[in-house]
1. Please turn the phi angles of the range 73-84 into ³J(HN,Hα) values with the Karplus equation 6.51 cos²θ - 1.76 cosθ + 1.60 (θ = phi - 60°), one per residue in order, whole Hz, x for glycine and proline.
2. Let's test the formula: R0 of 60 Å, r as the Cβ-Cβ distance of THR461 and THR212. What FRET efficiency results, to the nearest 0.05?
3. How would you rank 333-346, 289-302, highest first, on the average number of other Cβ atoms within 10 Å across their residues?
4. Within straight cross-link reach of LYS120, meaning Cα distance under 24 Å, which lysines are found once same-chain residues fewer than 8 apart are removed?
5. With a/c under 1.5 counting as rounded, go ahead and sort the range 321-451 into rounded, prolate or oblate using the C-alpha gyration tensor (a ≥ b ≥ c being the square roots of the eigenvalues; past the cut-off, prolate if a/b is larger than b/c, else oblate).
6. Quick one: with all protein chains in place, what share of the accessible area of the range 123-201 is carbon or sulfur, to the nearest percent (1.4 Å probe)?
7. Given H placed on each backbone N at 1.01 Å, which residues far from PHE161 in sequence or on other chains put an amide H within less than 5 Å of it?
8. Any idea of the accessible area per residue across the chain, 1.4 Å probe, to the nearest Å²?
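The values are calculated or read from the model by the stated rules, or taken from the named source; none is laboratory data. All values reported here derive from a predicted model rather than from experimental measurement. Don't worry about glycine lacking a Cβ; one is built from the backbone with ideal geometry, like all the others, and counts go over all protein chains shown. The accessibility values were calculated without ligands, DNA or RNA, using every heavy atom of the protein model including side chains. Shrake-Rupley method; radii C 1.70, N 1.55, O 1.52, S 1.80 Å.
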Amino acid sequence: MVVLVLLTFVAWRFRASPEPSPGSTRTGATASAGGSPSGGGRSASPTPTPPANPIKHVIFIVKENRSFDDYFGRYPGAEGATTGKTLEGKTIPLKIAKDIQPRDINHSFQAGLISIDGGKMDGFNHIGNGQYLANYEAFTRQQMPHYWGYADRFVLADHFFTSMYGPTFPENVYVIAAQSNQIVGNKNTVDHPHSYCDDPTEYVPRFRDGLTPEDRKAIMRDEEKVHGSNDAFARVASFWENARACFDIKILPDELEAAGISWKYYGEPDQWQNAMQAVRHARFGPEWKKVVGSDHFLSDIQHHKLPSVSWLIPPEGVNEHPGNGVSVCAGENWSVQQLNAIQQSRYWKDTLVVLVWDDFGGFYDHLPPPHYDIMGLGPRTPALIISPWTRQGSNADGGFIDHTDYEFSSVLRFIENTFGLDPMTERDRTADPLSGALDFSKPPHLDPLIYPYRTDCPYYTQPESIPAQQDENRGS
């Protein structure tokens, strides 16, 4: 077994490990910003889910474009922040967040590297076209009482990193495949009525095939040197090519299908997040019958048709993507609607829900991500792990703050362990399968946590139609 040494740098905590060769593993629990152990890290042999795992339904809800500090930086006991650093060496307060962000914020692969700045986490004011400070914000409990309430009762994972530096589309490929086919950016055309395999004009940037171990080491070295507008990113991008946004890779639905395990992907066609539409054999094969609109989710619960594994992708108006009039308050109401239905159903007793946001959205986050390979990891996402089987802790209503390092592949690893499937890539093979969040040694806490709709939102204050949203360029 090859153990890769964690690189330590003076004055910052960017955790780097060379991209592994097949069969190797990574180690490296790290100290938190306050100097205490993180409680997690990438274990050499992630703890498998016990054979007696009572979970029979896993629901993976993926919203959009928020960092951990943006949503939970002020949450008591979490590894959050209320101030942020700029590239000029200033420390500024994270102002109270706006429910509706006036504009989209750059969250491209390049923006992720600039923001991280080799682990200094101070480049967020230089993403996009120059300095920008609207991304230095943090919500309060009063602004998202139900999200914070779920953290009070269940598990708030404060070391849940995005799988790559950004943006939306390739991150969502990780959500179903534990890889992105080395794609690093969003589609380059947005003026056609369809997406991905249904639009032959759509191309995406990706790392080209055939990279040597030396190439990958050079790329990782330069990724750690990206600072503002220096030349390091140009050297990274010199390894890119353009490719059709329609390709074939192994995805977890393939493995579930082969094993006879029921699944559905609840997401709208032609939606930015619909990664299934970019996988050729899924889009044009029998699996496409199990890609249905998100409104089918509540219907399937009501009619006792919930599959064993669900991906749930919200409609545009309630996905919390910044800009374009999207309200976080309305998005929280949508989440409450789904979670109320789950908890009031026959499925609650054996269900695990993982609620994440697909990339950092350009928002400030202070915790340096591990550097696993040429793709990332990227800045943290908020992550709520909700189940009768979550670990109990000292949060307000008995919830737990989990400091274990996770990424999207951790959820896939948990699904694989639960249903007896082999991992698909190095990422899910070595990912921690949510080992710090669940406790199957004690009786479940089955009482549901049911919330009312908030009435102070600009829309979606009751189950109703969602305002249509316009496409926008999410990778720039």
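1. Values, residue by residue: x, 9, 5, x, x, 7, 7, x, 8, 10, 10, x Hz.
2. Step by step, r from the Cβ atoms, then E = 0.60.
3. Working: 333-346: 19.5, 289-302: 16.4.
Sorting 333-346, 289-302 by mean packing, highest first, produces 333-346, 289-302.
4. By straight Cα distance, LYS120 reaches LYS85, LYS90, LYS95, LYS217, LYS225.
5. In terms of gyration-tensor shape, oblate.
6. 52
7. THR381, TYR406, GLU407
8. On the way: 16760 Å² over 476 residues.
Value returned for the chain: 35 Å² of accessible area per residue.
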